[in-house]
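Student: Could you have a look at this structure, given as C-alpha coordinates, before my questions?
The values are calculated or read from the model by the stated rules, or taken from the named source; none is laboratory data. In this text, all values refer to a predicted model and were calculated from it rather than measured experimentally. All Cβ positions, even for glycine, are placed from backbone atoms using ideal geometry, and neighbour counts span all protein chains on display.
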(Lines give C-alpha, C1' and ligand atoms only; values in the text may rest on other atoms or scores of the structure.)
Protein backbone atom coordinates (compact mmCIF):
# COMPACT_ATOMS: atom_id res chain seq x y z
CA UNK A 1 0.00 0.00 0.00
CA UNK A 2 1.62 3.28 -1.04
CA UNK A 3 0.39 5.43 1.88
CA UNK A 4 -0.61 4.34 5.39
CA UNK A 5 -1.70 7.06 7.82
CA UNK A 6 -1.48 6.43 11.56
CA UNK A 7 -3.36 8.78 13.87
CA UNK A 8 -4.54 8.94 17.48
CA UNK A 9 -8.23 8.49 18.27
CA UNK A 10 -8.19 10.12 21.71
CA UNK A 11 -6.26 13.07 23.23
CA UNK A 12 -2.86 11.81 22.20
CA UNK A 13 -0.42 9.53 24.05
CA UNK A 14 -2.14 6.44 22.58
CA UNK A 15 1.09 4.69 21.59
CA UNK A 16 1.37 5.94 18.02
CA UNK A 17 5.18 5.90 18.10
CA UNK A 18 5.22 2.17 18.72
CA UNK A 19 2.65 1.55 15.98
CA UNK A 20 4.58 3.70 13.50
CA UNK A 21 7.77 1.86 14.43
CA UNK A 22 6.01 -1.46 13.70
CA UNK A 23 4.66 -0.21 10.36
CA UNK A 24 8.04 1.28 9.41
CA UNK A 25 9.57 -2.19 9.28
CA UNK A 26 7.95 -2.59 5.84
CA UNK A 27 8.08 1.08 4.79
CA UNK A 28 10.35 3.12 2.55
CA UNK A 29 9.72 6.40 4.37
CA UNK A 30 7.98 7.86 7.42
CA UNK A 31 6.55 11.39 7.41
CA UNK A 32 5.62 13.67 10.32
CA UNK A 33 2.87 15.83 8.86
CA UNK A 34 1.87 18.11 11.77
CA UNK A 35 2.75 19.26 15.26
CA UNK A 36 6.14 20.03 16.72
CA UNK A 37 8.23 19.11 19.73
CA UNK A 38 5.10 19.22 21.90
CA UNK A 39 4.73 15.55 20.94
CA UNK A 40 6.79 12.72 22.38
CA UNK A 41 6.78 9.31 20.72
CA UNK A 42 8.36 6.58 22.83
CA UNK A 43 10.01 3.53 21.25
CA UNK A 44 11.31 0.54 23.21
CA UNK A 45 13.62 -1.77 21.27
CA UNK A 46 15.45 -4.60 23.04
CA UNK A 47 14.70 -2.93 26.36
CA UNK A 48 16.21 0.43 25.34
CA UNK A 49 13.87 3.42 25.37
CA UNK A 50 14.05 6.18 22.77
CA UNK A 51 11.85 9.28 22.95
CA UNK A 52 11.52 11.25 19.72
CA UNK A 53 9.93 14.70 19.72
CA UNK A 54 10.44 15.75 16.10
CA UNK A 55 12.25 13.06 14.13
CA UNK A 56 9.79 10.47 12.74
CA UNK A 57 9.48 7.12 14.46
CA UNK A 58 11.03 5.26 11.52
CA UNK A 59 14.45 6.58 12.54
CA UNK A 60 15.58 3.31 14.11
CA UNK A 61 15.43 1.43 10.79
CA UNK A 62 18.56 2.06 8.69
CA UNK A 63 16.82 1.85 5.32
CA UNK A 64 13.87 4.11 6.12
CA UNK A 65 13.92 7.77 5.07
CA UNK A 66 12.38 10.31 7.46
CA UNK A 67 10.61 13.53 6.49
CA UNK A 68 9.31 16.55 8.39
CA UNK A 69 6.66 18.00 6.09
CA UNK A 70 5.31 21.53 5.79
CA UNK A 71 2.51 20.96 8.31
CA UNK A 72 4.99 20.63 11.16
CA UNK A 73 6.66 23.46 13.06
CA UNK A 74 10.34 23.11 13.84
CA UNK A 75 12.48 24.14 16.78
CA UNK A 76 15.98 24.05 15.21
CA UNK A 77 17.79 23.50 18.51
CA UNK A 78 15.56 20.58 19.52
CA UNK A 79 15.85 19.04 16.07
CA UNK A 80 19.65 19.17 16.06
CA UNK A 81 19.84 17.84 19.63
CA UNK A 82 17.78 14.81 18.55
CA UNK A 83 20.00 14.24 15.52
CA UNK A 84 23.09 14.33 17.75
CA UNK A 85 21.52 12.09 20.41
CA UNK A 86 20.70 9.47 17.78
CA UNK A 87 24.21 9.75 16.34
CA UNK A 88 25.68 9.16 19.79
CA UNK A 89 23.70 5.92 19.90
CA UNK A 90 24.98 4.82 16.51
CA UNK A 91 21.95 5.93 14.49
CA UNK A 92 23.18 8.17 11.68
CA UNK A 93 20.42 10.21 10.00
CA UNK A 94 22.70 11.75 7.36
CA UNK A 95 21.22 11.38 3.89
CA UNK A 96 17.87 10.06 5.10
CA UNK A 97 16.38 12.89 7.16
CA UNK A 98 14.73 15.78 5.34
CA UNK A 99 12.99 18.97 6.46
CA UNK A 100 10.50 20.76 4.21
CA UNK A 101 11.64 24.15 3.01
CA UNK A 102 8.10 25.32 3.85
CA UNK A 103 8.22 24.30 7.51
CA UNK A 104 7.65 27.26 9.89
CA UNK A 105 10.41 27.73 12.45
CA UNK A 106 9.82 28.18 16.16
CA UNK A 107 11.68 31.32 17.15
CA UNK A 108 12.60 32.49 20.68
CA UNK A 109 9.70 34.95 20.85
CA UNK A 110 7.17 32.19 20.11
CA UNK A 111 8.31 30.33 23.22
CA UNK A 112 8.26 33.55 25.27
CA UNK A 113 4.73 34.33 24.08
CA UNK A 114 3.51 30.82 24.91
CA UNK A 115 4.94 31.06 28.43
CA UNK A 116 3.46 34.52 28.96
CA UNK A 117 -0.02 33.37 27.99
CA UNK A 118 0.15 30.24 30.12
CA UNK A 119 1.03 32.36 33.17
CA UNK A 120 -2.27 34.26 32.97
CA UNK A 121 -5.99 33.59 33.30
CA UNK A 122 -6.29 32.36 29.71
CA UNK A 123 -4.03 29.35 30.28
CA UNK A 124 -5.21 26.14 28.57
CA UNK A 125 -2.37 23.81 29.58
CA UNK A 126 0.01 23.98 26.62
CA UNK A 127 3.51 22.54 26.73
CA UNK A 128 4.92 26.10 26.47
CA UNK A 129 7.06 25.03 23.50
CA UNK A 130 5.95 27.91 21.28
CA UNK A 131 3.85 25.70 19.02
CA UNK A 132 0.65 27.76 19.00
CA UNK A 133 2.28 31.17 18.45
CA UNK A 134 4.32 29.72 15.58
CA UNK A 135 1.22 28.41 13.83
CA UNK A 136 -0.47 31.76 14.45
CA UNK A 137 2.32 33.67 12.77
CA UNK A 138 2.27 31.16 9.90
CA UNK A 139 -1.47 31.67 9.34
CA UNK A 140 -0.86 35.44 9.50
CA UNK A 141 1.60 34.96 6.59
CA UNK A 142 4.50 36.20 8.70
CA UNK A 143 6.40 33.00 9.47
CA UNK A 144 10.10 32.42 9.02
CA UNK A 145 10.31 29.19 7.02
CA UNK A 146 13.11 26.64 7.04
CA UNK A 147 13.94 27.61 3.47
CA UNK A 148 14.60 31.19 4.59
CA UNK A 149 17.70 29.94 6.41
CA UNK A 150 19.36 29.50 3.03
CA UNK A 151 18.91 33.26 2.56
CA UNK A 152 19.28 34.77 6.04
CA UNK A 153 18.73 38.30 4.74
CA UNK A 154 15.17 37.24 3.79
CA UNK A 155 14.56 36.03 7.35
CA UNK A 156 15.97 39.26 8.79
CA UNK A 157 13.69 41.29 6.52
CA UNK A 158 10.71 39.38 7.91
CA UNK A 159 11.82 40.04 11.48
CA UNK A 160 12.18 43.74 10.76
CA UNK A 161 8.77 43.79 9.11
CA UNK A 162 6.71 41.64 11.51
CA UNK A 163 8.44 41.27 14.88
CA UNK A 164 7.11 44.59 16.16
CA UNK A 165 3.61 43.12 16.14
CA UNK A 166 4.80 40.07 18.10
CA UNK A 167 6.58 42.35 20.57
CA UNK A 168 3.38 44.32 21.23
CA UNK A 169 1.59 41.05 21.98
CA UNK A 170 4.38 39.88 24.27
CA UNK A 171 4.22 43.10 26.27
CA UNK A 172 0.43 42.91 26.45
CA UNK A 173 0.68 39.43 28.01
CA UNK A 174 3.47 40.35 30.43
CA UNK A 175 2.43 39.57 34.01
CA UNK A 176 5.72 40.28 35.77
CA UNK A 177 6.98 43.29 37.63
CA UNK A 178 8.94 46.11 36.06
CA UNK A 179 9.66 46.58 32.39
CA UNK A 180 8.99 43.61 30.07
CA UNK A 181 12.28 41.80 29.31
CA UNK A 182 11.53 41.07 25.67
CA UNK A 183 13.95 41.91 22.86
CA UNK A 184 13.44 44.99 20.72
CA UNK A 185 13.33 44.61 16.94
CA UNK A 186 17.05 45.38 16.64
CA UNK A 187 17.86 42.94 19.42
CA UNK A 188 15.72 40.25 17.77
CA UNK A 189 17.62 40.73 14.52
CA UNK A 190 20.97 40.48 16.30
CA UNK A 191 19.81 37.39 18.17
CA UNK A 192 18.85 35.80 14.85
CA UNK A 193 22.27 36.60 13.35
CA UNK A 194 24.01 34.89 16.26
CA UNK A 195 21.74 31.87 16.17
CA UNK A 196 22.10 31.56 12.42
CA UNK A 197 25.86 31.45 12.73
CA UNK A 198 25.89 29.05 15.69
CA UNK A 199 22.82 26.85 15.04
CA UNK A 200 20.73 27.50 11.97
CA UNK A 201 23.48 26.88 9.41
CA UNK A 202 23.67 23.29 10.73
CA UNK A 203 20.02 22.82 9.82
CA UNK A 204 20.43 23.92 6.18
CA UNK A 205 21.81 20.58 4.85
CA UNK A 206 18.57 18.83 5.90
CA UNK A 207 16.27 21.24 4.03
CA UNK A 208 14.66 20.06 0.79
CA UNK A 209 11.52 20.16 -1.34
CA UNK A 210 9.88 17.43 0.73
CA UNK A 211 6.36 17.65 -0.67
CA UNK A 212 7.43 17.24 -4.31
CA UNK A 213 9.67 14.32 -3.41
CA UNK A 214 6.86 12.60 -1.50
CA UNK A 215 4.48 12.85 -4.45
CA UNK A 216 7.16 11.42 -6.73
CA UNK A 217 7.75 8.53 -4.35
CA UNK A 218 4.04 7.80 -4.13
CA UNK A 219 3.81 7.68 -7.93
CA UNK A 220 6.75 5.29 -7.93
CA UNK A 221 4.84 2.95 -5.58
CA UNK A 222 6.96 3.46 -2.46
CA UNK A 223 5.31 2.59 0.84
CA UNK A 224 4.98 5.79 2.84
CA UNK A 225 3.82 5.93 6.48
CA UNK A 226 2.27 9.20 7.65
CA UNK A 227 2.84 9.69 11.37
CA UNK A 228 0.33 11.80 13.25
CA UNK A 229 1.07 13.55 16.53
CA UNK A 230 -1.36 14.22 19.40
CA UNK A 231 -4.87 12.80 18.76
CA UNK A 232 -8.20 13.43 17.06
CA UNK A 233 -9.71 15.38 19.96
CA UNK A 234 -6.76 17.77 20.01
CA UNK A 235 -7.39 18.72 16.38
CA UNK A 236 -7.77 22.51 16.15
CA UNK A 237 -11.02 22.10 14.20
CA UNK A 238 -12.50 18.77 15.32
CA UNK A 239 -11.27 18.61 18.90
CA UNK A 240 -12.51 19.83 22.28
CA UNK A 241 -11.94 23.47 21.37
CA UNK A 242 -10.36 25.61 22.80
CA UNK A 243 -8.49 22.91 24.70
CA UNK A 244 -6.74 21.68 21.58
CA UNK A 245 -3.41 21.89 19.79
CA UNK A 246 -2.83 24.29 16.89
CA UNK A 247 -2.68 21.85 13.97
CA UNK A 248 -4.88 19.31 12.19
CA UNK A 249 -4.23 15.98 13.88
CA UNK A 250 -6.75 13.94 11.89
CA UNK A 251 -6.11 11.79 8.81
CA UNK A 252 -7.20 14.70 6.61
CA UNK A 253 -4.32 16.70 8.09
CA UNK A 254 -1.90 14.31 6.39
CA UNK A 255 -3.01 15.65 3.02
CA UNK A 256 -2.57 19.34 3.79
CA UNK A 257 0.40 18.76 6.07
CA UNK A 258 2.39 16.66 3.62
CA UNK A 259 1.04 18.05 0.35
CA UNK A 260 -0.39 14.77 -0.94
CA UNK A 261 -3.76 14.04 -2.51
CA UNK A 262 -6.52 12.38 -0.44
CA UNK A 263 -6.75 9.54 -2.96
CA UNK A 264 -3.10 8.69 -2.25
CA UNK A 265 -4.01 7.45 1.25
CA UNK A 266 -4.87 3.78 1.04
CA UNK A 267 -5.16 2.85 4.70
CA UNK A 268 -5.89 4.69 7.93
CA UNK A 269 -4.95 3.14 11.27
CA UNK A 270 -6.35 4.63 14.45
CA UNK A 271 -4.49 4.04 17.71
CA UNK A 272 -6.50 3.76 20.92
CA UNK A 273 -5.56 2.99 24.50
CA UNK A 274 -7.61 0.36 26.30
CA UNK A 275 -8.53 3.24 28.61
CA UNK A 276 -8.33 7.04 28.15
CA UNK A 277 -5.83 9.69 29.18
CA UNK A 278 -5.51 13.41 28.73
CA UNK A 279 -2.78 15.97 29.46
CA UNK A 280 -3.67 19.55 30.25
CA UNK A 281 -7.04 21.17 30.77
CA UNK A 282 -10.33 20.48 29.03
CA UNK A 283 -13.36 18.17 29.25
CA UNK A 284 -12.88 14.50 30.08
CA UNK A 285 -16.23 12.73 30.76
CA UNK A 286 -14.81 9.37 31.90
CA UNK A 287 -12.03 10.79 34.09
CA UNK A 288 -11.32 9.03 37.39
CA UNK A 289 -9.99 10.82 40.48
CA UNK A 290 -6.24 10.32 40.66
CA UNK A 291 -6.56 9.45 44.35
CA UNK A 292 -9.06 6.67 43.60
CA UNK A 293 -7.83 3.08 43.46
CA UNK A 294 -8.44 2.66 39.73
CA UNK A 295 -7.25 6.15 38.80
CA UNK A 296 -3.98 5.59 40.64
CA UNK A 297 -3.64 2.10 39.11
CA UNK A 298 -3.96 3.42 35.56
CA UNK A 299 -1.53 6.27 36.17
CA UNK A 300 1.13 4.22 37.94
CA UNK A 301 0.90 0.88 36.10
CA UNK A 302 0.51 2.68 32.79
CA UNK A 303 3.36 5.09 33.60
CA UNK A 304 1.09 7.91 32.54
CA UNK A 305 3.51 10.79 32.60
CA UNK A 306 4.19 12.96 29.56
CA UNK A 307 7.16 11.96 27.40
CA UNK A 308 7.73 15.63 26.56
CA UNK A 309 6.83 17.44 29.78
CA UNK A 310 6.80 14.76 32.46
CA UNK A 311 3.37 15.99 33.54
CA UNK A 312 1.07 13.33 35.04
CA UNK A 313 -1.75 12.41 32.68
CA UNK A 314 -5.37 12.43 33.73
CA UNK A 315 -6.78 8.89 33.45
CA UNK A 316 -10.22 7.37 32.94
CA UNK A 317 -12.23 4.61 31.35
CA UNK A 318 -12.38 4.05 27.59
CA UNK A 319 -15.09 6.17 25.95
CA UNK A 320 -16.66 4.19 23.08
CA UNK A 321 -18.77 7.02 21.58
CA UNK A 322 -15.59 9.10 21.47
CA UNK A 323 -13.71 6.25 19.78
CA UNK A 324 -16.37 5.52 17.17
CA UNK A 325 -16.71 9.22 16.32
CA UNK A 326 -12.93 9.40 15.82
CA UNK A 327 -13.11 6.31 13.60
CA UNK A 328 -15.87 7.97 11.59
CA UNK A 329 -14.02 11.31 11.29
CA UNK A 330 -10.79 9.69 10.14
CA UNK A 331 -12.22 6.86 8.06
CA UNK A 332 -10.19 4.33 10.03
CA UNK A 333 -9.84 0.93 8.40
CA UNK A 334 -8.61 -0.57 11.64
CA UNK A 335 -7.82 0.31 15.24
CA UNK A 336 -4.84 -0.78 17.31
CA UNK A 337 -5.72 -1.26 20.99
CA UNK A 338 -2.70 -0.44 23.13
CA UNK A 339 -1.85 -0.89 26.81
CA UNK A 340 -4.36 -3.68 27.35
CA UNK A 341 -1.88 -5.06 29.90
CA UNK A 342 -2.42 -2.01 32.14
CA UNK A 343 -5.96 -3.23 32.89
CA UNK A 344 -4.62 -6.48 34.37
CA UNK A 345 -5.22 -6.66 38.10
CA UNK A 346 -8.53 -4.77 38.14
CA UNK A 347 -11.56 -6.58 39.55
CA UNK A 348 -13.91 -4.83 37.15
CA UNK A 349 -13.51 -2.66 34.09
CA UNK A 350 -15.98 -0.06 32.89
CA UNK A 351 -16.57 1.05 29.33
CA UNK A 352 -18.60 4.15 28.44
CA UNK A 353 -21.16 3.09 25.82
CA UNK A 354 -23.28 6.26 25.70
CA UNK A 355 -23.73 9.72 27.23
CA UNK A 356 -26.85 10.99 28.96
CA UNK A 357 -27.13 14.62 30.06
CA UNK A 358 -23.40 14.97 29.63
CA UNK A 359 -22.60 11.99 31.85
CA UNK A 360 -21.19 8.68 30.60
CA UNK A 361 -23.33 5.54 30.66
CA UNK A 362 -21.19 2.52 31.51
CA UNK A 363 -21.12 -1.17 30.67
CA UNK A 364 -19.25 -3.14 33.35
CA UNK A 365 -16.97 -6.09 32.57
CA UNK A 366 -15.28 -8.56 34.87
CA UNK A 367 -11.56 -7.91 35.04
CA UNK A 368 -8.66 -10.33 34.96
CA UNK A 369 -5.66 -10.84 37.20
CA UNK A 370 -3.29 -12.51 34.74
CA UNK A 371 -0.09 -10.84 33.57
CA UNK A 372 -0.58 -10.70 29.79
CA UNK A 373 2.66 -8.98 28.76
CA UNK A 374 4.00 -12.26 27.26
CA UNK A 375 0.84 -13.00 25.25
CA UNK A 376 1.38 -13.05 21.48
CA UNK A 377 -1.98 -14.38 20.27
CA UNK A 378 -5.57 -13.33 20.94
CA UNK A 379 -6.52 -16.85 21.97
CA UNK A 380 -3.91 -16.74 24.74
CA UNK A 381 -5.63 -13.77 26.41
CA UNK A 382 -7.79 -14.34 29.49
CA UNK A 383 -11.44 -14.88 28.60
CA UNK A 384 -12.50 -11.61 30.22
CA UNK A 385 -9.92 -9.69 28.18
CA UNK A 386 -11.24 -11.30 24.99
CA UNK A 387 -14.81 -10.32 25.93
CA UNK A 388 -13.72 -6.74 26.46
CA UNK A 389 -12.09 -6.62 23.03
CA UNK A 390 -15.00 -8.37 21.35
CA UNK A 391 -17.41 -5.76 22.69
CA UNK A 392 -15.25 -2.96 21.27
CA UNK A 393 -14.94 -4.76 17.93
CA UNK A 394 -18.74 -5.08 17.68
CA UNK A 395 -19.13 -1.32 18.12
CA UNK A 396 -16.52 -0.64 15.42
CA UNK A 397 -18.09 -2.97 12.85
CA UNK A 398 -20.86 -0.54 11.64
CA UNK A 399 -18.07 1.86 10.63
CA UNK A 400 -16.36 -0.79 8.45
CA UNK A 401 -13.55 -0.82 10.97
CA UNK A 402 -11.93 -3.71 12.81
CA UNK A 403 -9.43 -4.17 15.61
CA UNK A 404 -6.23 -4.79 13.68
CA UNK A 405 -3.70 -5.36 16.45
CA UNK A 406 -3.43 -5.48 20.23
CA UNK A 407 -0.44 -4.23 22.23
CA UNK A 408 0.38 -5.65 25.66
CA UNK A 409 3.56 -3.76 26.53
CA UNK A 410 6.00 -1.12 25.33
CA UNK A 411 8.40 -3.49 23.56
CA UNK A 412 8.60 -3.80 19.80
CA UNK A 413 7.52 -7.46 19.96
CA UNK A 414 4.68 -6.96 22.43
CA UNK A 415 2.04 -6.52 19.73
CA UNK A 416 0.04 -9.08 17.77
CA UNK A 417 -2.76 -9.43 15.21
CA UNK A 418 -6.25 -9.51 16.66
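Student: Taking residue 260 as the residue in question, decide whether it is more than 12 Å from the chain's Cα centre (by Cα) and either assigned by TED's automatic domain parsing to the domain that holds residue 135 or modelled with pLDDT of 95 or more (or both). Walk me through it before giving the result.
Tutor: Working: more than 12 Å from the chain's Cα centre (by Cα): yes; either assigned by TED's automatic domain parsing to the domain that holds residue 135 or modelled with pLDDT of 95 or more (or both): yes.
Yes; evaluated as a whole, the condition is true for this residue.
Student: Let me ask you something else. Looking only at segment 13-26, which residues are part of a loop (DSSP other than H, G, I, E, B) and either at pLDDT 95 or above or crowded, with 24+ Cβ neighbours inside 10 Å (or both)?
Tutor: Residues of segment 13-26 that are part of a loop (DSSP other than H, G, I, E, B), as a first pass: 13-15, 25-26.
Residues satisfying the conditions are 13, 14.
Student: Just to be sure I understand, how many residues within segment 262-288 are under 19 Å from residue 327 (Cα atoms) and part of a strand (DSSP E or B)?
Tutor: Number satisfying all stated conditions: 10.
Student: Something else: Taking segment 39-97 as the search range and keeping residues that are surrounded by fewer than 17 Cβ atoms within 10 Å (Cβ to Cβ) and modelled with pLDDT under 85, which one is nearest to residue 13 (Cα to Cα)?
Tutor: 51
Student: What do you reckon, is residue 99 part of a strand (DSSP E or B) and closer than 21 Å to residue 57 by Cα?
Tutor: Values: part of a strand (DSSP E or B): yes; closer than 21 Å to residue 57 by Cα: yes.
Taking the combined requirement at face value, the residue satisfies it.
Student: Residue 290: in contact with a strand residue (DSSP E or B) (Cβ under 8 Å, 6 or more places away or on another chain), at pLDDT below 95 and surrounded by fewer than 18 Cβ atoms within 10 Å (Cβ to Cβ), yes or no?
Tutor: Numbers: in contact with a strand residue (DSSP E or B) (Cβ under 8 Å, 6 or more places away or on another chain): yes; at pLDDT below 95: yes; surrounded by fewer than 18 Cβ atoms within 10 Å (Cβ to Cβ): yes.
Criteria met by residue 290.
Student: Can you say whether residue 291 is touching a residue at least 40 places away in the same chain (Cβ under 8 Å) and not in a strand (DSSP E or B), as far as the supplied structure shows?
Tutor: On the way: touching a residue at least 40 places away in the same chain (Cβ under 8 Å): no; not in a strand (DSSP E or B): yes.
Criteria not met by residue 291.
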